[in-house]
Amino acid sequence: MRSWSPERIAHASGARLLASPHNGNGPERAVIDSRQAGPGALFVGLRGSSVDGGAFAPQALQAGAWGALVSAEHAEAARSASPGVVLAADDPLRSLQRLATAWRRALGAHVIGVTGSTGKTTTKDLLLAVLTPHRRTVASRANFNTDIGLPLEILSAPAGTEVLVLEMAMRGAGQIAELAQIAEPDVGVIVSVGPVHLELLGTVEEVAAAKAELIAALPAGATAVIPASEPLLAPHLRDDLETITFGEEGDVRLIDAEGDHLRIDVAGEPIAVEVSFEQAHLRHNLLAAIAAARAVGVLASGRIELALSTGRGARIELANRVVVIDDCYNANPMSMRAAIDELATTAKRGRHSRRVAVLGDMLELGDSEREFHVAVGEHARAAGVDLLVTVGPRAAWMSEGFTGTVRSAADAAEAATLVPELLAPGDAVLVKGSRGVGLELVCRALSGEPPAERATG
């Protein structure tokens, strides 16, 4: 947006331009935290449940922000704070989203939207790895996948971006549709459909319908990438789209694997790639990424180096030969089973003495939450887990399906003290639970890191 004038920013966002002391240049990025404001930043003051961010516009401008976009009630205070562009909007969030859509159109880039009950973050990361050698690619950071985070990511994309990969999260119906309206994707990837957010959506069929809002939002002639043989998505497919399936029996499928070297059939065209990861679920997600890359004219090749986001399955090797699988960012029944299988594979491959699973509550599962937790315990038993540590009241139900040694902790803080005492040299340890459980405390305790400080202000 650097080349955009304040007047164009105002028009694109639907805001009123109240002050414009600049020489006509635009901002480089948008931020919603006044502490991150500085030269080149457009500070957007959003209304929260208890605080209106617009009240911090004077501090943002005093820190050198390019300008501030706030509600009318904070506009005068912003104007009197210090030189800077001041924009007033009835709904600053909606203006932020409108500005993002305008910038997405100006970029002229291919936009790939990625959603799924599990695997959307790793698929997004894999897409970045596949595309970067061939196209100027920008992908969403961390959890910038909401109605606030997604427009911020679009606005951070520099001019000249050729492919924009945007992760799209949801908890209820209509949210993917809203994100797609902002991003206007021309490729939509649904990595998986499973029992998540049932507390709000009720059934897995409704989960599929919510994810399929991405398919509904695609323009005619666009590409939908979906798992092969996923019956729950069948009612939502469209004849005016190109649909590419991935996985066993899909259009994009794994032919064979020999160590790090994979042979993949891409809609009848065999390719060979080398990967930096062994996990089966990541290799499955790679097929989705390769399918989406093909949709924007890139055929994967060479070595694919994946940098996993924090808490998404990275392995931490400790001095006493303990290997920790840090998968604590989030959890649902599908991802729990996949992670437990990966623990078993890791333990077998590395000849580890025990398989230890530190598993926390899975949240938002509705009326069937007890059954889902018991089933995870059964899966852990079948996978040969030696020691199960449950964290939280729901996770305690896992013990009903597990016949090995069980220890329980009330919360993550208690688990962070308990788990290091239970481990022996050579153990393989999985740490996984829903985000709200906060199991990163356990990973930090195992790796010797101090607890993270809570943000204030």
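Brief remarks on what is shown
- Flag for Asp125 being of a type in the set (Asp, Glu), within 30 Å of Leu287 (Cα to Cα) and assigned to a helix (DSSP H, G or I): yes
- Count of residues meeting criterion [surrounded by fewer than 16 Cβ atoms within 10 Å (Cβ to Cβ), at pLDDT below 95 and over 29 Å from the mean Cα position of the chain (by Cα)] in the stretch 8-57: 5
- Per-region count, the stretch 266-299, residues modelled with pLDDT under 95 and closer than 20 Å to Val163 by Cα: 0
- For the stretch 156-174, the criterion of being of a type outside the set (Ser, Thr, Tyr) and in a helix (DSSP H, G or I) is met by none of the residues.
- Check on Gly377, in contact (Cβ under 8 Å) with a residue 24 or more places away in the chain, surrounded by 19 or more Cβ atoms within 10 Å (Cβ to Cβ) and in contact with a Phe, Trp or Tyr (Cβ under 6 Å, 6 or more places away or on another chain): yes
- The stretch 188-206, residues that are outside any loop (DSSP other than H, G, I, E, B) and either within 17 Å of the chain's Cα centre (by Cα) or of a type in the set (S, T, N, Q) (or both): Gly188, Val189, Ile190
- Out of Arg94, Arg79, sole residue that is closer than 19 Å to Ala30 by Cβ and charged (D, E, K, R): Arg94
- Qualifying residue in the stretch 76-91 (condition: touching an Asp or Glu at 6+ places or on another chain (Cβ under 8 Å), buried (at least 18 other Cβ atoms within 10 Å of the Cβ) and farther than 23 Å from Met334 by Cα): no
- Complete set of residues in the stretch 134-161 that are of a type outside the set (S, T, N, Q), at pLDDT 95 or above and under 19 Å from Ala307 (Cα atoms): His134, Arg135, Arg136, Val138, Ala139, Glu153
- Pick from the stretch 350-382, criterion within 22 Å of Cys443 (Cα to Cα) and of a type in the set (Lys, Arg), ranking: nearest to the chain's Cα centre (by Cα): Arg355
- Check on Ala224, free of Cβ contacts under 8 Å to residues at least 40 places away in the same chain and either in contact with a Gly (Cβ under 7 Å, 6 or more places away or on another chain) or surrounded by 15 or more Cβ atoms within 10 Å (Cβ to Cβ) (or both): yes
- Selection of the stretch 378-390 for residues being over 22 Å from His197 (Cβ atoms) and either in a helix (DSSP H, G or I) or in contact with a Cys (Cβ under 9 Å, 6 or more places away or on another chain) (or both) yields Glu378, Ala380, Arg381, Ala382.
- Subset tally (residues that are within 22 Å of Val138 (Cβ to Cβ), of a type in the set (S, T, N, Q) and buried (at least 23 other Cβ atoms within 10 Å of the Cβ)) for the stretch 98-120: 1
- Within the stretch 128-144, the set of residues being in contact (Cβ under 8 Å) with a residue 24 or more places away in the chain and not in a helix (DSSP H, G or I) comprises Pro133, His134, Arg135, Arg136, Thr137, Val138, Ala139, Ser140, Ala142, Asn143.
- Strands (runs of 3 or more DSSP E) completely within the stretch 229-279 that count 1 or more residues being within 16 Å of Ser192 (Cα to Cα) and in the same structural domain as Ala216 (by TED's automatic domain parsing): 242-246, 252-258
- Qualifying residue in the stretch 346-362 (condition: in a helix (DSSP H, G or I), at pLDDT below 95 and surrounded by 16 or more Cβ atoms within 10 Å (Cβ to Cβ)): yes
- Restricting attention to the stretch 400-421 and to residues that are crowded, with 17+ Cβ neighbours inside 10 Å and farther than 19 Å from Val374 by Cα, the residue that is nearest to the chain's Cα centre (by Cα) turns out to be Ala412.
- Among the residues of the stretch 306-321, those identified as on the phi < 0 side of the Ramachandran plot and more than 18 Å from the chain's Cα centre (by Cα) are Arg315, Ile316, Glu317, Leu318, Ala319, Asn320.
- Given (1) surrounded by 24 or more Cβ atoms within 10 Å (Cβ to Cβ); (2) assigned to a helix (DSSP H, G or I), index of the condition Ala177 fails: (1)
- Residue match in the stretch 401-415 (condition: modelled with pLDDT of 95 or more, farther than 27 Å from Ala319 by Cα and charged (D, E, K, R)): no
The values are calculated or read from the model by the stated rules, or taken from the named source; none is laboratory data. What you see is a predicted model, and the numbers here were worked out from it, not measured in a lab. Positions of Cβ are generated from backbone atoms using ideal geometry, with glycine treated the same way; all protein chains shown enter the neighbour counts.
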